Amino acid sequence: MDATAAALLGAGLAAIGAGLAALGVGNVFASFLEGALRNPGAADGQQGRLFIGFAAAELLGLLAFVIAVLLIFR
Amino acid sequence: MAAEEGKVDPMKQFTIEPLFGSEWQLADGINIAFTNSALWMAITAILVTIFVAGGMKREVVPGRWQMAVESMTGFIDDLLEANVGKAGRKYVPYIFTLFMFILFGNLLGLVPVGLIPNVHAFTFTSHFTVTGVLAIMSFSIVLIVGFVRHGFHFFSLFVPAGTPLPMVFFIAPIEFISFMVRPFSLALRLFVAMMAGHVLLKVLASFVIAGGAGGPALGAAVGVPSFILMVAISALEILVAGIQAYVFALLTSLYINDAENLH
């Protein structure tokens, strides 16, 4: 396998990371909704924390995308 | 490499081109040409100024415009009040400017001005240089405020209260790394989120073009679904533009909270 093919394979494998981040982001919002439906009164006060969790989970997927881009345009 | 097969190069939209002043030199080798990136930043700054100035009539019974501006400032005010406390009020101008600049920049990149010939929309927030400078500004404010308010006591940020002494040697380096990574994660998040969305839209656009050129059957099977997906992704991108601006402002205010109140 030459180096270009290996890099493109690696970029494809990095997409797994993006998919896992999708699971993570879905988990964040699912848990928030579950909690919010049980106690709607407390939901509005926790939106900041919701987006902190979203940002932290999303960052890892974006990093996977950066790795893919770096491998393709290296 | 990726551009050879398709006719649409999804990375072409991020090209920075000098519009005028290519020969301007700040010093040896430092070119300060007015680029399309600078043009869109200037447009954004002007639009934000117009938006805010239009709502500063200070009428007792606010009109629609004043309500729009006041809801924006009130939103940032609440954000800082909730995350930093009373001391957060003095950061409202900075966070508000940051939020509006990023929000308008993200949204302006989605406006379909490409319909006008020879006009190309440019999302300056999809460039690491721009988001990097914004992140460095936020990080410098955190450092300056932290050291001015707490002096060398600011280093206690790296040791959470109540840490047993043997654990300090493990916790402190981890906390230090997580602190130093902040400007990178802040800048990277905004730039990658904007770039990924725009690349996705252009890739789908190339599917529409290739599907349409491949005849009616291929056009119906590939082109039409891709186009419908493009519309949906565009709606998602408007949401992402708002969320990313909010997340940037939120995380900056959290970091300022660390500097103001330590742990």
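Read-outs: derived from the displayed coordinates by stated rules, not from any lab. All values reported here derive from a predicted model rather than from experimental measurement. Quick reminder, even Gly has a Cβ in these numbers, built from the backbone with ideal geometry, and neighbours come from all protein chains shown.
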Over chain B, relative contact order from alpha-carbon pairs under 8 Å, at least 6 apart, %: 23 percent
Chain A: chymotrypsin sites (Phe, Trp or Tyr not before Pro) in DSSP coil with no more than 12 other Cβ atoms inside 10 Å: A:PHE73
Length released on extending from B:GLN66 to B:VAL203, taking residue separation times 0.36 nm less the Cα-Cα span: 45.3 nm
Where labels lie 7 Å past Cα in the beta-carbon direction, separation of B:MET11 and B:LEU143 in nm: 3.1 nm
Simple label model, 7 Å out from Cα along Cβ direction - B:ILE43 to A:ALA5, nm: 4.5 nm
Using alpha-carbon coordinates, inclination of helix A:3-38 to the longest axis of chain A, degrees: 0 degrees
Helical mean residue ellipticity (222 nm; -39500 (n - 2.57) per DSSP H run of 4+; nearest 500) of chain A: -31000 deg cm²/dmol
CD proxy at 222 nm, helix term only [per DSSP H run n ≥ 4: -39500 (n - 2.57); per residue of chain B; nearest 500]: -22000 deg cm²/dmol
Gyration tensor (alpha-carbon) shape descriptor, the range A:1-71, a/c threshold 1.5: prolate
Order of B:PHE122, B:PHE14, B:PHE152 - criterion: other Cβ atoms within 10 Å of each residue's Cβ, fewest first: B:PHE152, B:PHE14, B:PHE122
C-alpha long axis of helix A:47-72 to longest principal axis of chain A, angle in °: 10 degrees
B:ALA82 versus B:ASN261: modelled label distance in nm, points set 7 Å from Cα along the beta carbon direction: 1.4 nm
Helical segments meeting 20 Å axial Cα length and Kyte-Doolittle 0.5 threshold in chain B (DSSP H): B:36-54, B:92-108, B:128-150, B:165-180, B:182-213, B:224-261
Paramagnetic label zone (point 7 Å from Cα along Cα-to-C-beta, B:ILE238; backbone N under 18 Å) in the range B:89-120: B:103-115
Of A:ALA18, A:ALA42, A:ALA55, the one that fluctuates the most in a GNM where chain A has Cα springs shorter than 10 Å: A:ALA42
